[in-house]
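Below is one structure; the comments refer to it alone.
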Amino acid sequence: MPVVLFLSVLLIAACGLIYELIAGTLASYLLGDSVLQFSTVIGAYLFAMGLGSAASRYLRGSLVARFVTIELMVGVVGGFSSSALFLAFAYTHSFQLALYLLVIAVGVLVGLEIPLLMRILEGRFQFRDLISHVLTWDYLGALAASIAFPLWLVPKLGLVRAAILFGIINAAVALWSTFLFSEQLPSRVALRAACVAVLVMLGAGMVVSNWIQSAADNQLYADEVIFERNTRYQRIVITKWKDDLRLFLSSHLQFSSRDEYRYHESLVHPGLSSLPNAHRALVLGGGDGLAVRELLKYPNLENITLVDLDPEMIRLFTEHPMLAPLNDFSFRNPRVHVINADAFPWLDQNQGFWDFIVVDFPDPTNYSLGKLYTSAFYRLVKKHLSESGLVVVQSTSPMFSRQSYWCIVDTLQQAGFKTWPYHVYVPSFGEWGFTLAGANWEPPKTLPAGLRYLTVSTIPELFDFPEDMKPVEAEVNRLNDQILVRYYEKEWKDIAR
């Protein structure tokens, strides 16, 4: 009996933490700025747990019946929390209100659980043993949840089904509690019937979970969603309209197949075509393989290394029948070597040198990405660049996020690079910016055959900025104070208004 009782503690602790992690992850995916989202979600959740713990003293009557009822409420509210938040984001303008109402509701209910269970068990154990056992199993449950969430739940189940699964666990704890404490339950039959009803409801939710996610996605994205997946690192969505495929990472557009060639030709060729003796290239980010496709147009490149955090991106753009052709099956080329790792620590531990480095990360929407735009990171990149080599950095839009763009340029200069900022018009994005960096650069006099947009004569035009995109004052983006993330968030919020 004691082991089963304390297993209940472990499970309800795991469920509570999972709901909190799901809320924080969803807010990060949909709103960006993961530090802000997780900080406010955790703070609101802990505050609500405190409210629940304080309120537990006022519960009277059959404590077991109250415990079973609360478990069922947690199962329903927490189990459907992810579904409700996706639908709120897709169909309303009240996502943040829904987020914090759900976080507080779940927090209050979870805060009621442990004090109530301890009151139920207080006659069976000495107080010191009761406190020790309950807290030990509570913390073990939190540990199990924190490990399972990124490694198994998100990549295998996704956020909608993971929440429903743990709602089912809460309801199952409620059901077996009606048997564990049956002698203390005057209305066992009614409570068991309620448990079964909630389990059936959550089971039905699991069956239609894909429909719920599809309904939200189809409302969020203008075109048909042909692929969606939550990985350990991001949410990947692919949409299709006629012959146009679009990739979204955590709700942010990464490319449109109709015009991505403008972006990737401009990213690679102004720098690499000026390095006729380049033999080794490194791509940081760029898990879609489109930058690698452009690099492979240079037969003198003997080795191309790509470092991308998310193995699911590599798998998709290696195997998916609609996506792999976009990069001309680049990941199958023997010259290409793929490494799944965080670029920052990987570079720090690597001893190699490269003649051309492509830094093609998503925009700095949060601090996890912002660290890859800091002076510390760029100094690390500089250590791995050959003496006559060049780096090119995706630098966001000098039109829509002007201060962010020039912040990146200034940060590269602070890291010891000489820079050559430039921009290109990509219809899906508008004006987009890049920065070449190194010791010396001259515009190339030749380009590879078969390019669809770039020509030798148009390259100088890319380095000419009109008045509304010329440099503005910006601070250097440092690791301990990522001003770039705040610049970026403010500028895109101003546009949204």
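Output yes when any residue across the stretch 461-475 is surrounded by fewer than 19 Cβ atoms within 10 Å (Cβ to Cβ), within 30 Å of SER257 (Cβ to Cβ) and in contact with an Asp or Glu (Cβ under 6 Å, 6 or more places away or on another chain), and no when none is. No, the conditions are met nowhere in the stretch 461-475. Applying the set (1) touching a strand residue (DSSP E or B) at 6+ places or on another chain (Cβ under 8 Å); (2) modelled with pLDDT under 95; (3) farther than 29 Å from LYS490 by Cβ to ASN350 leaves exactly one unmet item: (1).
Would you point out the residue of the stretch 82-123, among those that are free of Cβ contacts under 8 Å to residues at least 40 places away in the same chain and exposed (fewer than 14 other Cβ atoms within 10 Å of the Cβ), that is nearest to ALA48 (Cα to Cα)? Spell out how you get there, then give the answer.
The first filter runs over the stretch 82-123 and keeps only residues free of Cβ contacts under 8 Å to residues at least 40 places away in the same chain, leaving 84, 88, 92-94, 97-98, 101, 118, 122-123.
Right, trim to exposed (fewer than 14 other Cβ atoms within 10 Å of the Cβ) and you get 92-94, 97, 122-123.
Details: THR92: 25, HIS93: 24, SER94: 20, LEU97: 15, GLU122: 24, GLY123: 28 Å.
Top of the filtered list is LEU97.
So for the stretch 281-289 (the condition being small (Gly, Ala, Ser) and within 23 Å of SER457 (Cβ to Cβ)), does at least one residue qualify?
No, there is no match, as no residue in the stretch 281-289 is small (Gly, Ala, Ser) and within 23 Å of SER457 (Cβ to Cβ).
Counting only residues that are touching a Ser or Thr at 6+ places or on another chain (Cβ under 9 Å) and not hydroxyl-bearing (Ser, Thr, Tyr), the stretch 378-397 holds 5 of them. Of the residues making up the stretch 192-204, those that are touching a residue at least 60 places away in the same chain (Cβ under 8 Å) and either closer than 22 Å to LEU153 by Cβ or more than 40 Å from the chain's Cα centre (by Cα) (or both) are VAL198, MET201, LEU202.
Within the stretch 446-489, the residues that satisfy the criterion of being basic (Lys, Arg) and free of Cβ contacts under 8 Å to residues at least 40 places away in the same chain are LYS470, ARG486. When restricted to residues that are surrounded by fewer than 18 Cβ atoms within 10 Å (Cβ to Cβ) and in contact with a strand residue (DSSP E or B) (Cβ under 6 Å, 6 or more places away or on another chain), the stretch 139-184 contains 0. How many residues does the stretch 164-214 contain that are in contact with a Cys (Cβ under 7 Å, 6 or more places away or on another chain) and not aromatic (Phe, Trp, Tyr)? Selection size over the stretch 164-214: 6. Take the conditions (1) touching a helix residue (DSSP H, G or I) at 6+ places or on another chain (Cβ under 9 Å); (2) in a helix (DSSP H, G or I); (3) not basic (Lys, Arg); PHE356 misses just one of them, which is (2).
Of everything in the stretch 396-414, what is in a loop (DSSP other than H, G, I, E, B) and crowded, with 20+ Cβ neighbours inside 10 Å? Give them in sequence order.
The initial filter retains those residues of the stretch 396-414 that are in a loop (DSSP other than H, G, I, E, B), namely 396-401.
Once the filter is applied, which keeps residues that are in a loop (DSSP other than H, G, I, E, B) and crowded, with 20+ Cβ neighbours inside 10 Å, the stretch 396-414 yields THR396, SER397, PRO398, SER401.
When VAL426 is tested against (1) aliphatic (A, V, I, L, M); (2) buried (at least 19 other Cβ atoms within 10 Å of the Cβ); (3) closer than 19 Å to ARG379 by Cα, exactly one condition is not met: (3).
Every listed requirement among (1) at pLDDT 90 or above; (2) surrounded by fewer than 19 Cβ atoms within 10 Å (Cβ to Cβ); (3) out of contact with any Lys or Arg (no Cβ under 8 Å at 6 or more places or on another chain) is met by LYS240 save one, (3).
Quick check, is SER386 over 20 Å from LEU290 (Cβ atoms), surrounded by fewer than 23 Cβ atoms within 10 Å (Cβ to Cβ) and either within 19 Å of the chain's Cα centre (by Cα) or among the charged types (D, E, K, R) (or both)?
no
The values are calculated or read from the model by the stated rules, or taken from the named source; none is laboratory data. Worth saying up front: this structure is predicted, and the values here are computed from it rather than measured. FYI the Cβ positions are ideal-geometry reconstructions off the backbone, even for glycines, and counts take in every protein chain you see.
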